[in-house]
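FYI, it's all coordinate maths here, none of it is from the lab. Just so it is clear, the structure is predicted and the values come from calculations on it, not from any experiment. Glycine also receives a Cβ, built like all others from the backbone with ideal geometry; neighbour counts cover every protein chain displayed.
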């Protein structure tokens, strides 16, 4: 079904396809380079700062971290019989009485110290920092004049985005915001349910409460429907929890419930205000392509506005980035492709990004208790592999509900910082070589499906695996593990091999002095001195 047919069927729920300059707030800007359509957005070029950055830290932190029971809590707590439902009933009470709005009220972020955390993140060599601006739970973590359910009015009574922004920019880190709230319409549909068995069978959860129901409650004066947005029919198959994944694309053929025009416009107003107030360098959308596409044009409108605003502020140059998921080839020219918990198996022609977390997206105490965080070694190996393929790594570091960083997560971050303190020049500001690497791991690299989710499925890296980056006339060969031999052989640097020149000098980052080597038609063999530092994560050869 083509877009024109979809628009005709949906009628009034679709905002206008093309807007005037006034409707984009651009009436005084003169010529408008970007229009809200894909062909216009193809003129976008990724700014050099993002190409150079390579590594970012993400605070995927909000009220769903308060229960410390993992990701998508605000949805899972309404799924009868699920782990999160059982946990919620035991900890807080039945969701007909204590809903997610009440979890928000419990969230105070009393130990959150963005300044101290940013000092730590800066030491990792990260070049940009991203904060959650809102999640599918639909709470804005910033001062919003278009959405009363925000962290200034409820919960911590703090401007979370502002706190992170000030701390990041003070340390000259580029600043980003991630926006996930476009899907609240369908994501919260579980809150319309009721138990199918037990003593409270048939008693509705709190998903359809109204403003009038708040009289005498802590939330008096607030309309739960502005948060839950559930005054609409359920999507087809909504009673089956997995259906939402098939309906993530807003394809009407899947039976997804179509958001109202007012919902779409409110999302746009909230997002434009976020952009105008906090001037982010990156906006990450947790959506297929752009928010609410193709049933609404507001995602395209936001993108055009954001790029045009940046051009006005930067003398005709777009200096900002939009991240989107599951992009076709045209859309990958319009923004930066983000792969969730996974990575490409080749050098991509356009810069891209992997986003992942050392634990669960929202804090899960069980990950801590069971020692299931990614190690610093795993993270660095992922970073190196991604960078060798023209990508960036955005790493989420879980924070507890109170805003504190636990000791095990801190150890991982410190480990990354230790390695980057010596080897960051092989990462930051580099570009891919003609081949990303060599070694056995790439022979068993897992396929990439949908938006990602192929991490950890391949063969672990060892010192037999090498990844390459370059900077000017310098080539970096990053050995992915602890060296257990007196020499390293790099087949890709054999005389006569593609794009290979005569090697004149080899150094090891963190070790003073030149290394001896032999280059012939079989490869480059570099002798490793006994006095050279041995790092379990890996060592970097700097080849001139």
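Worth pointing out:
- Using alpha-carbon coordinates, inclination of helix 261-278 to the longest axis of the chain, degrees: 50
- Placing a label point 7 Å from the Cα of residue 489 along the Cα-to-Cβ direction, the residues of the range 519-544 with a backbone N closer than 12 Å are 520-526.
- Compared with the alpha-carbon gap, the fully stretched path from residue 208 to residue 434 is longer by 75.7 nm at 0.36 nm per residue.
- For the chain, the longest principal axis of the Cα atoms and the long axis of helix 298-313 meet at an angle of about 60 degrees.
- Least to most buried among 502, 288 (fewest other Cβ within 10 Å first): 502, 288
- Length-normalised contact order of the chain in % [C-alpha pairs under 8 Å, at least 6 apart]: 16
- Fewest-first ranking of 178, 194, 516, using other Cβ atoms within 10 Å as the exposure measure: 516, 194, 178
- With a Förster radius of 30 Å applied to the beta-carbon distance between residue 123 and residue 346, the computed FRET efficiency rounds to 0.40.
- As a calculated quantity, the FRET efficiency between residue 253 and residue 226 at R0 = 45 Å, using C-beta atoms, amounts to about 0.95.
- Helix-only CD estimate at 222 nm, as mean residue ellipticity for the chain, using -39500 (n - 2.57) per DSSP H run (n ≥ 4): -7500 deg cm²/dmol
- Extension gain from residue 371 to residue 532, taking 0.36 nm per residue of separation minus the Cα-Cα distance: 54.8 nm
- Entry for Cα extents along the principal axes in Å (calculated from the structure that is shown) out of (i) 80, 56, 43; (ii) 82, 63, 58; (iii) 96, 48, 34: (i)
- Relative to the longest principal axis of the Cα atoms of the chain, the long axis of helix 114-123 makes an angle of roughly 20 degrees.
- Cβ-derived FRET efficiency at R0 22 Å, residue 146 paired with residue 314, nearest 0.05: 0.25
- By the count of other C-beta atoms within 10 Å, a proxy for reagent exposure, 348, 90 are ordered fewest to most as 90, 348.
- Antiparallel DSSP beta bridges within the chain, percent to nearest 5: 45
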